[in-house]
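Here is the structure we will look at.
The values are calculated or read from the model by the stated rules, or taken from the named source; none is laboratory data. What you see is a predicted model, and the numbers here were worked out from it, not measured in a lab.
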Amino acid sequence: MTFIGNLAIADSEIQSEIIIALSLMEAFSPIPPEWVEKATHAHGFCCSRCGQPPSKAEAVWVNRRSPVYTENHQRKWQEFYRCECQSVWWAWSNDRPPSEFRDRAMRNNQDDDFLMG
């Protein structure tokens, strides 16, 4: 049995879902969690220690209070990750690799245009 706050949770699958939900709530909090203070800048969008991608992170926080503007006037944010290996790292949001889903959506839109055209 695991306790999350004062709540006792016996089912491990439910425990995982609650922990993920709490991590997502923390990701957009305006107040940074304490663990971000230990973060190091990752040169590559993965854990500096073990190489795991952000999807394997136990916790995430996005610093949306202090955006930085690029040369072409686009905003970027620091994204902080606490990895499964307990290492804490951050990277710029614009360094994130392209999403496979974005490419898929673009292909679907092109297919729709071809079929409609």
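Structure data summary
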| read-out | value |
| --- | --- |
| Selection from segment 1-42 of residues that are at pLDDT 80 or above and farther than 14 Å from Ser87 by Cα | Ser29, Pro30, Ile31, Pro32, Pro33 |
| Residue in segment 73-81 that is over 14 Å from the mean Cα position of the chain (by Cα) and polar (S, T, N, Q) present | yes |
